[in-house]
Amino acid sequence: MGIRRKTEAATLLLEEFKKDSNAISAIELIKRLDQKINKTTVYRLLDKLEDDGVIHYFLDTKGIKWYATCSDCSKTQHQDVHPHFQCTECGYRRLSRN
């Protein structure tokens, strides 16, 4: 499906990824954008951005989706090769950008 036009909501969401080099959970994005974008719009935009190869997600040990920006992906193929770490003791998550 993808984003056909860049709306204010899409711009606000993408700015959150520019502020943070680590992966961001959908829950955290909803909290950060609560006063500006409703929850349904956040999820819809995340799906569209993933379809466009702009972001990708991974699931943590609790089944929560975490999103990070892609580097050289396209609509047809995600090519990012970097690990996502989650500490098994404290639960801290980190996206490695090597």
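A few points about this structure:
- Scan of segment 18-46 for residues that are crowded, with 18+ Cβ neighbours inside 10 Å and either among the polar types (S, T, N, Q) or within 11 Å of the chain's Cα centre (by Cα) (or both), ordered by number: ALA23, ILE24, LEU29, VAL42, LEU45, LEU46
- Selection of segment 12-53 for residues being in a helix (DSSP H, G or I) and either on the phi > 0 side of the Ramachandran plot or among the small types (Gly, Ala, Ser) (or both) yields only ALA26.
- Condition met for ASP72 (out of contact with any strand residue (DSSP E or B) (no Cβ under 9 Å at 6 or more places or on another chain), outside any helix (DSSP H, G or I) and either loosely packed, with under 12 Cβ neighbours inside 10 Å or at pLDDT 85 or above (or both)): yes
The values are calculated or read from the model by the stated rules, or taken from the named source; none is laboratory data. What you are looking at is a predicted structure, and each value in this text was computed from that prediction instead of being measured. Glycine also receives a Cβ, built like all others from the backbone with ideal geometry; neighbour counts cover every protein chain displayed.
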